[in-house]
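The block underneath contains the structure these notes are about, expressed in structure tokens.
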Amino acid sequence: MIKKRFLSFLIVLSISLCLTSFGNEPQVIAIRAGKIWTVTDGVITDGIIIVDNGKIRAVGQEVDVPEGVNILDMSDKNIIPGIIDAHCHIGLSLDIFSEMDETVAAIAADMLILDAFNPHSKDVKKALSSGVTTVMLAPGYRNPVGGQPAVVKLDTSKANDWVLKRSAGVEFSLMNQALMFDREPTSRAGLIELVKEQLNEAKVYQEGFNPRLEVLNRVVDANLPAYIWAHTVDEIASAMAIIDQYNLNAVLVAAGQGDEIADMIAKRDLPVIYPPLLLSSKDKDLKRVGKMAGSGVKLAFASLAPRTDLNDLRTSAILAVKYGLDKEAALKGLTINAAEILGVADRLGSISEGKDADLVILNGDPLQPASSIEMVIINGNIVYQRLEE
Amino acid sequence: MRIYVILLTFLLLVTVFIAPGWAEVTAVKAGRILTISGEPITDGVILIEDGKIADIGTGIEIPENATVIDAGKSVVMPGFVDASAVQPVRGDLNEQSSEITPTLRISDALDPQSKVIKRVVQTGVTTLFISPGRQNVISGLGVVVKPTGNIPQQMIIKDEAALTVVMDMDPTQGNRIPRREPAVNFYYRRPGTRMAIIWMLRKSFFDAQQQADTEPISDPNLAILSEVLKDEIPIHVNARRAIVIRAALKVADEYGLKLIFQECTEGYRVAEQLAERKIPVVLGPFYYYPGSIGQYREGRQVNWNNAGILAEVGVKVALGSGGQPDTIDILTAATFAVRHGMDRDEALKAITITPAEILGVAERVGSLEKGKDADIVVLSGDPLDVTTRVEKVILNGKTVYQ
């Protein structure tokens, strides 16, 4: 009898060890949660999530837990889907400014940002600790055409599998920061002219060996999304003119003053990747997000880390709610909207059947500044756990 | 029959009571209206409907629903047209990567949120020509805009209005000629001298001429220049000194170009030639740049009597702020031009209808006539008095400054 108990104890111990410390073996686990923010399907109180082989098999209040399954008891916790950072530059280098932009050539459409990414960077751990499970790695804004961003999951300890998209599109910048004094373009008019010239060339590109034009050709055909940096009203207006002219499948990045022409953005169904809201931002700027979302613009938050702190991603959403953004929209902006914009909504962005088991477990309401992140799970494996002090 | 009567009465009622309410009507009562195109009107009324002038004259009945702007003691003029205006543009005006950039459109760089816009409106300017910077030999295409609107597209009234060419020494600024040192960036290039500027200009048009018969022209730069050669786009030449103006005339003769001179501070020395060829000039800025050094200072002196002399021999003269609204605004420029010998009526035309004609927008702006845009400036007194100030500016029928 005692022997049997001891044996079962040993088995439980080994399984839980596997789960928490190694977490590599695929298996079924059940997570009991106080509140599950499914994002697409409302909030479930006292629910259960069944994770099978890294995917969510079932979620709900009345779910049959198979026998012999480990139960992770989180009945006093909140669970949200893994946060998606729609634009950041983590893991690129210590000297971020040199690694993000190939400023020698203004048009770098054929360059892949993934080639510069270090999956063992400290930033990755920091991102996990702030609840971010997926990021879009992007080139910077100092080139009119900066390169191709990538979408990666942050469980980079495994050898492969973490790259969702090697090339998620092409990054454009119509901001004044793309101007340089010693290479073309040096003026705004020259910048727009250069971009149009490239797209004109790409439009008529047939065959041959020109990787730059080949990529841009796919952008013109709206096969590949164009991520366009544009901050002020005039920058956004010129971006929209180019989008209309070349029929781009575009996403606006950092449309800070977008609320002033929000109706025009909404009319074109342009999603917006919004830059971080900081505690130090002006009230006027903090109110812009709510206004823009109110006009029907689809928003996703971005940290632009390491320019800013990665923790700012959730803080952005919290500040946006404080200054007039709908609570639901804020949570969507952290998860499903970002997934839809990046084209990975079939796998990520919400807690629903069939999606990846990327979960963030908090000790309170996710949109309360006081609640902190207890545990982060990617593909059913625990990748971060807060240390008890 | 009865039903028809009822219906007719109803329709009549609708037209009487509702229809005028649809269109927003504004009436401006003025002590004196300087229409520019015709005789001045005393105690007149301007009726504005949908941003256009619906009627103008004395004894006009003001509709009941109209918003009345009473300027009974003021002088009313058409909004000023500044053909050498300040640039509400973000960033550098000059694309420095090349000296020949005809495809550059300054309309791509317009900034409706610019603080300059507010300042421009305060000086009574309601239409302005914005050209690319003046440090390239061929700078690019200018645009005619109104200082209103939320996005650049709403400002523009005529895109590709003119090609800006610079023939002073300004394009040589910053250029170095590679001798022993390696050419590390694009500033190691021509032109370094005046003859190189003229050579580059001549070569560009020569290349365009060579390509004129091919269809379509593959090089976008030459495509624009060949349009210029076909007189579809006018050329604004920045030339200050007489020697430069003469050189420009020579190149123009070679290629049959249609010129308009900007700045033109030494225009009085070649007044006869300009009059003979019917070349209009846009004068301004009337301000000495203390920052300019050496060769870039050439021809920067202020010649106030220039306007009078040019106008007298029959040259079409427009006055502009030259991008310096804080020092000499357009109305002050006209005042000083009169003080130094220009005819009064000529001076008033030089800030309204003449620049509008030069820019090719005279069918919309430049004078107060039926059917034109309701761009109106209300002045506290005689426009050519230095103590006069701009009291109110109406742009497309809406008060934008008070």
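The numbers here are math on the coordinates, done by the rules we state, and not lab data. Given the structure is predicted, the values throughout are model-derived calculations rather than measurements. Note: ideal-geometry Cβ built from the backbone for every residue, glycine included; neighbour counts use all protein chains shown.
Would you tell me the mean number of C-beta atoms belonging to other protein chains that fall within 10 Å of each C-beta in B:100-110, as a whole number?
Going residue by residue through B:100-110 and averaging, the value is 6.
Given N residues in the protein assembly as shown, what is Rg(Cα) / (2.2 N^0.38 Å)?
1.20
Once label points are set 7 Å from the Cα along Cα→Cβ at both B:Ile243 and A:Leu387, what is their separation, rounded to one decimal in nm?
Going from the B:Ile243 label point to the A:Leu387 one covers 7.8 nm.
Residue farthest toward the positive end of the dipole of segment A:83-342, with Cβ of Lys/Arg at +1 and Asp/Glu at -1: which of A:Ser173, A:Tyr323, A:Leu278?
Checked the options; the winner is A:Tyr323.
Residues of B:367-380, mean number of Cβ from any other protein chain within 10 Å of their own Cβ, rounded to a whole number? Can you show the working numbers first?
Numbers: counts 0, 0, 0, 0, 0, 0, 0, 0, 0, 0, 0, 0, 0, 0.
Across the residues of B:367-380, the mean count of other-chain Cβ atoms within 10 Å is 0.
Using Cα atoms only, what is the angle between the long axis of helix B:242-255 and the major principal axis of chain B, expressed in degrees (0 to 90) to the nearest 10?
90 degrees
Rounded to whole Hz and in sequence order, give me ³J(HN,Hα) for segment B:190-205 from the Karplus expression 6.51 cos²θ - 1.76 cosθ + 1.60, θ = phi - 60°, writing x for Gly and Pro.
Karplus values, whole Hz, x for Gly and Pro: 7, x, x, 9, 5, 5, 6, 4, 5, 4, 5, 5, 4, 5, 4, 5.
How big is the charge dipole of chain B about its Cα centre, in debye rounded to the nearest 20, if each Lys and Arg gets +1 on its Cβ and each Asp and Glu gets -1 on its Cβ? Mind dumping the intermediate values first?
Details: 42 positive and 48 negative charges, 224 e Å.
Dipole size: approximately 1080 debye.
In sequence order, what are the phi-derived ³J(HN,Hα) couplings for segment A:47-59 according to the Karplus relation 6.51 cos²θ - 1.76 cosθ + 1.60 with θ = phi - 60°, rounded to whole Hz, with x for glycine and proline?
Calculated HN-Hα couplings, in order: x, 10, 10, 9, 9, 10, 6, x, 10, 7, 8, 8, 8 Hz.
What spacing in nm lies between the two simple spin-label points modelled at B:Ile177 and B:Gln113, each 7 Å away from Cα in the Cβ direction?
Between B:Ile177 and B:Gln113, the simple spin-label model gives 4.6 nm.
Restricting to bridges with both residues inside chain A, how much of the DSSP beta-bridge set is antiparallel, in percent to the nearest 5?
55 percent
Within a 10 angstrom radius of each residue's Cβ in B:176-184, how many Cβ atoms of other chains show up on average? Whole number is fine.
Partner Cβ neighbours, averaged per residue: 0.
Calculate, for B:Asp326 and A:Asp64, the FRET efficiency according to 1/(1 + (r/R0)^6) with r their C-beta to C-beta distance and R0 56 Å; round to the nearest 0.05.
0.10
Provide the gained length on full extension for the span B:Thr148 to B:Glu272, in nm with one decimal, where the gain is 0.36 nm per separating residue minus the Cα-Cα distance.
40.7 nm
Over 28 Å between Cα atoms: which of A:Lys55/A:Lys126; A:Lys196/A:Lys298; A:Lys126/A:Lys284; B:Lys29/B:Lys372; A:Lys77/A:Lys284 fall into that group?
Exceeds cut-off: A:Lys126/A:Lys284; A:Lys77/A:Lys284.
Tell me the angle of helix A:211-220 to the major Cα principal axis of chain A, expressed in degrees between 0 and 90 and rounded to the nearest ten.
On a 0 to 90 degree scale, this one is about 80.
Report, in debye and to the nearest 20, how large the dipole of the protein assembly as shown comes out about its Cα centre when Lys and Arg carry +1 and Asp and Glu carry -1 on their Cβ.
So the dipole magnitude of the protein assembly as shown works out to roughly 1180 debye.
Starting with the fewest neighbours, write out B:His236, B:His340, A:His120 ranked by other beta-carbon atoms found within 10 Å of each beta-carbon.
Working: B:His236 27, B:His340 14, A:His120 9.
By the 10 Å Cβ count, ascending, the order reads A:His120, B:His340, B:His236.
Residue farthest toward the positive end of the dipole of segment B:115-172, with Cβ of Lys/Arg at +1 and Asp/Glu at -1: which of B:Ala162, B:Val137, B:Thr123?
Most positive-ward Cα: B:Thr123.
When you count, for each residue, the other Cβ atoms within 10 Å and take the mean per peptide, how do A:241-254, A:194-207, A:288-301, B:265-278 rank with the highest first? It would help to have the intermediate numbers written out before the result.
On the way: A:241-254: 20.2, A:194-207: 16.1, A:288-301: 22.3, B:265-278: 17.9.
Listed from highest to lowest mean packing, they are A:288-301, A:241-254, B:265-278, A:194-207.
If you fit an axis through the alpha-carbon atoms of helix A:188-203 and take the longest principal axis of the Cα set of chain A, what angle between them do you get, 0 to 90°, nearest 10?
80 degrees
Of the options A:Phe117, A:Ile243, A:Asn363, report the single residue whose Cα projects farthest towards the positive end of the charge dipole of chain A (beta-carbon charges: Lys, Arg +1; Asp, Glu -1).
A:Asn363
Net charge near A:Leu179, counting Lys/Arg +1 and Asp/Glu -1 over other residues with Cβ under 11 Å of its Cβ?
Summing Lys and Arg as +1 and Asp and Glu as -1 gives 0.
Rounded to the nearest 0.05, what FRET efficiency is calculated for A:Leu112 and B:Glu64 with R0 set to 60 Å and r the Cβ-Cβ distance?
0.30
Expressed in nm to one decimal, what extension gain is obtained for the pair A:Val204 and A:Arg166 from 0.36 nm per residue of sequence separation less their Cα-Cα distance?
11.1 nm
Using only the Cα atoms of segment B:80-365, build the gyration tensor, take square roots of its eigenvalues as a ≥ b ≥ c, and label the shape rounded, prolate or oblate: rounded if a/c is under 1.5, else prolate if a/b is larger than b/c, else oblate.
Cα axes put segment B:80-365 in the rounded bin.
Evaluate E = 1/(1 + (r/R0)^6) for A:Lys126 and B:Glu215, where r is the Cβ-Cβ distance and R0 equals 60 Å; express this FRET efficiency to the nearest 0.05.
0.50
Grab segment B:80-365 and count how many Lys pairs have their alpha-carbon atoms under 21 Å apart, sequence gap of 8 or more, or different chains.
Going through segment B:80-365 pair by pair, I get 22.
Within the P(r) computed for segment A:83-342, what percentage of the Cα pairs occupies the region above 27 Å?
33 percent
Please build a GNM for chain B, connecting alpha carbons under 10 Å apart, and tell me which residue among B:Arg300, B:Arg105, B:Arg180 fluctuates the most.
Evaluated over chain B, the most mobile residue of the options is B:Arg180.
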